[in-house]
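Q: Pasting a structure here, questions to come.
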Amino acid sequence: MPRRSIWKGSFVDAFLDRMKKKRESLMSRKIWSRRSSISPEFVDCSVLIYNGKTFVRCKITEGKVGHKFGEFALTRRRRPHQTNRGKGKKSRKS
């Protein structure tokens, strides 16, 4: 996938741009915009990112700057791979 043009800058939704200016309102704030980039003003803030069903708490660190919010709120459930058990499966008779 091609990268975004440098002259455009990173994408940040307008309401997040307004939130950056008021730093105290960033603490534990709900964010629906998964496509917005994380800027350095968000460092050391704890935000709630929507994953389509619930809000996932995420602490923003310096290593996350430049990434998107959606990368840190997984939308799929992690389930261990089901192993075949001898008794529970139907036996095939030829």
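Q: Taking region 56-70 as the search range and keeping residues that are part of a helix (DSSP H, G or I) and either open to solvent by less than 100 Å² (accessible area, probe 1.4 Å) or in contact with a Lys or Arg (Cβ under 7 Å, 6 or more places away or on another chain) (or both), which one is farthest from residue 3 (Cα to Cα)? Give the steps one after another, and end with the answer.
A: Step one: of region 56-70, the residues part of a helix (DSSP H, G or I) are 62-64, 69-70.
Those left that are additionally either open to solvent by less than 100 Å² (accessible area, probe 1.4 Å) or in contact with a Lys or Arg (Cβ under 7 Å, 6 or more places away or on another chain) (or both): 63-64, 69-70.
Numbers: 63: 19, 64: 18, 69: 17, 70: 17 Å.
Per the criteria, the residue is 63.
Q: Does residue 75 satisfy being modelled with pLDDT of 85 or more, among the hydroxyl-bearing types (Ser, Thr, Tyr) and open to solvent by 60 Å² or more (accessible area, probe 1.4 Å)? Please lay out each step first, then the result.
A: Details: modelled with pLDDT of 85 or more: yes; among the hydroxyl-bearing types (Ser, Thr, Tyr): yes; open to solvent by 60 Å² or more (accessible area, probe 1.4 Å): yes.
Criteria met by residue 75.
Q: Let me ask you something else. Do the conditions hold for residue 53, that is, is it among the basic types (Lys, Arg), modelled with pLDDT of 85 or more and surrounded by 10 or more Cβ atoms within 10 Å (Cβ to Cβ)? Explain how you work it out, then say what you get.
A: Numbers: among the basic types (Lys, Arg): yes; modelled with pLDDT of 85 or more: yes; surrounded by 10 or more Cβ atoms within 10 Å (Cβ to Cβ): no.
The answer is no for residue 53.
The values are calculated or read from the model by the stated rules, or taken from the named source; none is laboratory data. The structure displayed is predicted, hence computed values, not measured ones. Note: ideal-geometry Cβ built from the backbone for every residue, glycine included; neighbour counts use all protein chains shown. Side chains included, ligands, DNA and RNA excluded: accessible areas come from the protein's heavy atoms. Shrake-Rupley method; radii C 1.70, N 1.55, O 1.52, S 1.80 Å.
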